[in-house]
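**Student:** Just passing along the structure, written as structure tokens.
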Amino acid sequence: MRKDWQTLELCDRFFDSLERRDYDTVDACYAPEAVIWHSHDCLYQPRSENLAMLRRGGETQQKVRYRDRRIRVFEGGFVQQHRIEVTWANGFEGRMDVCFVAYVRDGMISRAYEYFDTGQVDRFLPPREVST
Amino acid sequence: MTEGEIRELCETFFDAYQDKRVDILERVLADDCVVWHNVFGRETTKRDNLSRYHDSYRGQRRRTYDDRIVNTFHDGFVIQYQLRGVMTNGHKGSLWICIVARVRDGQITRIDEYMDSSKFAAWAGTEEAKP
């Protein structure tokens, strides 16, 4: 039987913990077999690599916020549309529109798909320093 | 709308897009439908989209909307798919796209489209050859 509130709670817990850099809770939101697909490389990233990437990101970001969250629950998962806003360590403020589609098993995210436009990466990542 | 009706509306919309059936697109898109594109960051109207439909096929022999994964919710659907194209010069390209749509009374009232514009050159075959 569907229990949408549980899926909504999982979605909120996942993104709220990312904002707080509470990676233990992020970890707990993922099922053991979780994989995360990204539209820029069309590859499934293993759970451990994704968590390591998130932790590394947290070290260079002053603040992360998931704004304008629009969530819909479907049988077996949810979709969240949001705008990620990041204040980087050097003060640069980046933003990106993202669509996150997650498939859920036993109250955990077992597979997720993240769609965004890397053609707008200059609006998201700080300018790279040019070495001379 | 029931889950089955929403799913059927989704398939009808994408079949029509693939088969160049603008008459069906005219029917399944609500007159007040808004289409938002992440790559432009702006909203367009039903009229904007349908009037540019044939131009969007310029340089392309064929487009197919493949590997559709559709999930429905109470007022819409999310579809993940691979857009495969064959250009008039024979080049083949693919884009991976996600659309979140809202529906009402048998029609689509809003489309939010997520694509990666950095893949457009490879899709069209205009990407410079890598050394």
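**Student:** Does B:Ile69 count as part of a strand (DSSP E or B), within 12 Å of chain A (Cβ to nearest Cβ) and free of Cβ contacts under 8 Å to residues at least 40 places away in the same chain?
**Tutor:** When the stated conditions are applied, B:Ile69 passes them.
**Student:** Run down B:Asn38, B:Asn49 and say which single residue is among the polar types (S, T, N, Q) and at pLDDT 95 or above.
**Tutor:** Exactly one of B:Asn38, B:Asn49 is among the polar types (S, T, N, Q) and at pLDDT 95 or above, namely B:Asn38.
**Student:** Only residues that are hydrophobic (A, V, I, L, M, F, W, C) and not in a strand (DSSP E or B): list them for region B:72-124, please.
**Tutor:** B:Met115, B:Phe120, B:Ala121, B:Ala122, B:Trp123, B:Ala124
**Student:** Checking the conditions here, which among A:Arg111, A:Arg56 is of a type in the set (Lys, Arg) and closer than 28 Å to B:Asp75 by Cβ?
**Tutor:** Going through A:Arg111, A:Arg56 in turn, just one is of a type in the set (Lys, Arg) and closer than 28 Å to B:Asp75 by Cβ: A:Arg111.
Here's the yes/no breakdown for (1) open to solvent by less than 20 Å² (accessible area, probe 1.4 Å); (2) within 11 Å of chain B (Cβ to nearest Cβ); (3) assigned to a strand (DSSP E or B):
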residue: A:Phe78; (1), (2), (3): yes, yes, yes
residue: A:Gln81; (1), (2), (3): yes, yes, yes
residue: A:Val86; (1), (2), (3): yes, no, yes
residue: A:Val104; (1), (2), (3): no, no, yes
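**Student:** If we scan region B:45-59, do we find a residue that is closer than 23 Å to B:Ser117 by Cα, touching a Gly at 6+ places or on another chain (Cβ under 7 Å), touching a residue at least 24 places away in the same chain (Cβ under 8 Å) and away from chain A (no Cβ under 14 Å)?
**Tutor:** No - not one qualifying residue is present in region B:45-59.
**Student:** Which residue is most open to solvent (accessible area, probe 1.4 Å), if the candidates are limited to region B:84-119 and must be hydrophobic (A, V, I, L, M, F, W, C) and without any contact (Cβ under 8 Å) to a residue 24 or more places away in the chain?
**Tutor:** B:Trp96
**Student:** Take the residues of region A:1-39 that are open to solvent by 80 Å² or more (accessible area, probe 1.4 Å) and part of a loop (DSSP other than H, G, I, E, B): which is farthest from A:Met96 (Cα to Cα)?
**Tutor:** By that ranking, first place goes to A:Met1.
**Student:** Among A:Arg123, A:Arg70, A:Arg95, A:Arg111, which is the only one that is open to solvent by 40 Å² or more (accessible area, probe 1.4 Å), at pLDDT below 95 and within 14 Å of chain B (Cβ to nearest Cβ)?
**Tutor:** That would be A:Arg123, the only listed residue that is open to solvent by 40 Å² or more (accessible area, probe 1.4 Å), at pLDDT below 95 and within 14 Å of chain B (Cβ to nearest Cβ).
The values are calculated or read from the model by the stated rules, or taken from the named source; none is laboratory data. Bear in mind that the values here come from a model prediction, so they are computed numbers and not experimental data. Virtual Cβ from ideal backbone geometry, glycine too; neighbours counted across all protein chains shown. Each accessible area value is taken on the protein alone, full model and side chains, heavy atoms only, with ligands, DNA and RNA left out. Shrake-Rupley method; radii C 1.70, N 1.55, O 1.52, S 1.80 Å.
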